Amino acid sequence: MVAHTKKKIMQAFWSLYCQNPIHKITVREIITLADFNRSTFYAHFFDVYDVLDQWENLLLPNVDQPALQKLINENDIQLSVEHCMALYKRYKDYYVVLLGEQGDPNFQQKLKQIFARIIKAHLSITKETTAFELDFLIDYTASTLISMLTFYYAREDRPPAKEIIALIVELINNGLSNKLHWRFSVKPEK
């Protein structure tokens, strides 16, 4: 019964969050929609932001999950297109909102930290690589992945997940310059 109550409150919150920024959602609106009283809400959540935080934690990949641990421990990152498409179908409606204009910037940061952990586990570091360069490469790659996901979910005309996964893999493996057929350089100082 407790799980059912919490789920109903979370669903009420989500229906409001899909239409309103979080700062405009009140506990009163949530409990009215969920048909519970204020004390029931506070038995499960601290405030409206806690509901959002708990939603996000449900939607983020669990780094300790065996499938993700296997991915982290492999030498190469091998994505299963079927797995990615299943995740897309399962979480699309949530990620469209969370990565959208009214989404929570903290969600992007949490997702970025997960990506960074996976990326860091697969970097080949040389003696010449400074700590700054390492952190820069990790942040750049994780930020790029977040940006790609945000762009993808924002578009109504998005291609099937299989195609975007192939494009992401191509860009990561072969670079943006190769895809655009141009080179970027800095003029030497005179």
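The values are calculated or read from the model by the stated rules, or taken from the named source; none is laboratory data. This one's a predicted model, so the numbers in the text were calculated from it and none came from an experiment. Counting neighbours? That spans all protein chains shown, and the Cβs are built from the backbone with ideal geometry, glycine included. Ligands, DNA and RNA are stripped out before the accessible areas are found, and what is left, the full protein with its side chains, is counted by its heavy atoms. Shrake-Rupley method; radii C 1.70, N 1.55, O 1.52, S 1.80 Å.
Brief remarks follow.
- Number of residues in the range 62-84 that are open to solvent by 50 Å² or more (accessible area, probe 1.4 Å), modelled with pLDDT of 65 or more, outside any helix (DSSP H, G or I) and not polar (S, T, N, Q): the value is 1.
- Count - residues of the range 137-173 that are surrounded by fewer than 12 Cβ atoms within 10 Å (Cβ to Cβ) and closer than 20 Å to residue 118 by Cβ: 2
- Subset of the range 92-101 that is assigned to a helix (DSSP H, G or I) and aliphatic (A, V, I, L, M) - its residue that is surrounded by the fewest Cβ atoms within 10 Å (Cβ to Cβ): 96
- Qualifying residue in the range 174-182 (condition: farther than 23 Å from residue 105 by Cβ, without any contact (Cβ under 8 Å) to a residue 60 or more places away in the chain and touching a helix residue (DSSP H, G or I) at 6+ places or on another chain (Cβ under 8 Å)): yes
- From the options 99, 87, 58, residue that is touching a Leu at 6+ places or on another chain (Cβ under 7 Å) and either over 24 Å from residue 161 (Cα atoms) or modelled with pLDDT under 95 (or both): 99
- Number of the condition not met by residue 117 [criteria: (1) among the charged types (D, E, K, R); (2) surrounded by fewer than 17 Cβ atoms within 10 Å (Cβ to Cβ); (3) at pLDDT 85 or above]: (3)
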